[in-house]
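First comes the structure, then the notes that go with it.
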Amino acid sequence: MASQDILIVDDEIGIRELLSEILQDEGYSVAEAENAEAARRYRNQAIPKMVLLDIWMPDTDGVTLLKEWSRNGQLTMPVVMMSGHATIDTAVEATRIGALDFLEKPIGLQKLLAVVKRAMSQQAAPPKVTQGLQSLGSSSTIAALQETLDQVGKQPLPILLTGEPGAGYELCARYLTPANAPFIAPNANDDLAIAPQDLLNRASGGTLFLRDIAWLERKAQLSLLGLLPKLEKQKVRLVCVSSRSLDQLVPVFDPELLRLLTQVIVPIPALREHAEDIPMLANQLLAQIPNQNGEQHFSRAAMQLLSQQSWPGNLDQLNNVVKSLALTCRTPEIDVLPVSRLLSQIGPTQGGDAASAPVAAMPLPQLDLDLPLREARDQFEKFYLERQIELARGNMSRVAEKIGLERTHLYRKLKQLGIQMQKKNRVQEDD
């Protein structure tokens with residue numbers, strides 16, 4: 001399917017048609033999804049410029065779908081939530097996960113157009129061309145990947161990159177592209193079925209990059225099969241991605257096309273396979289985000305917590321988390337408390353509602369045993385108190401009672417250790 005400006009996800013056909021008609025009259029192209037499953041299918045095949053997402057749907061609610069996109073690194077477009085009977089807590093939760101805004105039904109025309117205009121103006125800039133694979137890391141795992149790409153890049157065969165969503169496929173494809181050569185990456189792979197020759201012409205002398213052929217429909221498959229004999233003549237390198245294993249592709253793919261596309265396969269490692277790169281990557285991503293609070297950095301405990309996550313959405317998910325922390329933290333140092341809170345919101349839950357979900361486990365940091373005794377003790381106490389505040393969800397009375405310290409002494413200790421207290425924690429102390 002071709003990528004549209006706006007994806008409307010709502011189980012009520014009347015609302016979908018009304019919103020679609022209004023937005024099309026304003027010049028936007030619109031796609032519709034009647035439930036979360038249809039929205040998943042669309043997002044796996046194309047990237048809309050924004051999404052209008054209903055909260056209450058019969059199969060999966062909108063907040064759960066939002067969490068899923070965030071967890072998988074697919075929350076790369078502005079999402080505006082919609083509901084006629086959502087609570088303030090629900091709206092706040094959706095915003096915390098990554099939603100841009102919230103529209104209450106019935107939706108006013110001017111409010112709708114204003115929110116859509118703001119969302120459409122927040123399109124992410126295309127990734128910058130980088131030298132080497134520094135944006136993936138500098139570990140031995142990434143060094144080995146770079147050697148593999150150097151080797152396969154010497155021949156003109158199509159290259160299939162395989163692995164998990166968000167693992168950095170486009171960075172690898174750009175690495176295979178000569179400097180100043182065209183790099184064509186359609187937002188929707190089904191553009192192949194609409195204008196295949198146009199894509200080939202635009203990619204002449206460079207790279208044609210297809211994001212995830214695992215969801216390529218039959219018509220687009222046949223168009224791609226027709227393009228393959230023309231690649232060499234127009235000096236186009238084809239780089240494809242598949243997030244599904246080859247045995248899963250066999251039943252849904254044209255056999256000849258699958259044979260031609262799997263001549264050269266390069267597995268891309270998941271982020272957890274080179275977790276030693278996470279500190280460098282997190283700092284690299286943080287430095288790219290302008291912030292009105294000045295230059296920011298992660299505390300040692302916060303960085304360790306980031307490094308110990310499994311990151312199912314890989315580099316894309318890490319990027320989203322770092323961006324959220326940079327934009328929501330108001331202090332130069334991003335400490336373990338906001339990191340833990342955000343990870344507990346976007347990570348998988350054990351069931352039940354969000355309010356009853358357990359706080360994400362916070363592992364004990366690696367203490368620097370070479371420090372003098374006083375500094376090592378301060379390091380442990382800082383982590384210990386931050387953990388107790390997190391467990392008590394900011395209620396300082398409970399913290400003081402649990403650790404056996406009077407509140408005045410507790411606040412003195414927090415100030416001594418440089419632990420920043422958020423205002424909302426102060427007002428919760430007598431709950």
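The values are calculated or read from the model by the stated rules, or taken from the named source; none is laboratory data. Just so it is clear, the model here is predicted, and its values are computed rather than measured. Please note: Cβ atoms are built from the backbone with ideal geometry, for glycine as well, and neighbour counts cover all protein chains shown. Heads up: the accessible areas ignore ligands, DNA and RNA and are worked out on the full protein's heavy atoms, side chains in. Shrake-Rupley method; radii C 1.70, N 1.55, O 1.52, S 1.80 Å.
Accessible surface for LEU171 stands near 30 Å², nearest 10, in the context of the full protein assembly shown (1.4 Å probe). Accessible area per residue was computed with a 1.4 Å probe on protein heavy atoms; HIS85 scores about 130 Å². Applying a DSSP loop filter and a limit of 12 other Cβ atoms within 10 Å to the trypsin sites (Lys or Arg not before Pro) in region 214-307 leaves LYS233, LYS235.
For region 26-89 versus region 300-350, the spacing of their alpha-carbon centroids is 22 Å.
Picking from VAL152, LEU222, GLN134, whose Cα lies most toward the positive end of the charge dipole for region 132-235 (charges on Cβ: Lys, Arg +1; Asp, Glu -1)? Positive-most Cα among the choices belongs to LEU222.
Kindly provide the GluC sites (Glu not before Pro) of region 217-318 that DSSP labels as loop, not H, G, I, E or B, and whose Cβ sees at most 16 other Cβ atoms within 10 Å. Working shown, then result.
Details: sites: GLU217, GLU232, GLU256, GLU273, GLU276, GLU295; in loops: GLU217, GLU232, GLU295.
When the GluC sites (Glu not before Pro) of region 217-318 are filtered for loop state and at most 16 Cβ neighbours within 10 Å, GLU217, GLU232, GLU295 remain.
Would you calculate, for the chain, the mean residue ellipticity at 222 nm contributed by helices, counting each DSSP H stretch of 4 or more residues as -39,500 (n - 2.57) and dividing by all residues, to the nearest 500? So the helix-based figure for the chain works out to -13000 deg cm²/dmol. Among ASP25, ASP54, ASP370, the largest mean-square fluctuation in a Gaussian network model of the chain (Cα springs under 10 Å) belongs to ASP370.
Below 8 Å, C-alpha to C-alpha, sequence gap of six or more: please give me the relative contact order for the chain in percent.
Details: 656 pairs, mean separation 58.4, N = 431.
Relative contact order here is 14 percent.
Accessible area of ARG407 (1.4 Å probe, protein heavy atoms only, ligands and nucleic acids ignored): about 90 Å².
Computed over protein heavy atoms with a 1.4 Å probe, the carbon and sulfur contribution to the accessible area of the chain reaches 52%. With a cut-off of 14 Å between beta carbons, the residues surrounding SER139 carry a summed charge of -3, where Lys and Arg count +1 and Asp and Glu -1.
Taking P(r) over Cα pairs in 20 Å bins from 0, in percent as calculated from this structure, the corresponding entry among (1) 23, 55, 20, 2, 0; (2) 23, 51, 23, 3; (3) 22, 32, 19, 21, 6, 0 is (2). For the chain, the longest principal axis of the Cα atoms and the long axis of helix 218-227 meet at an angle of about 60 degrees.
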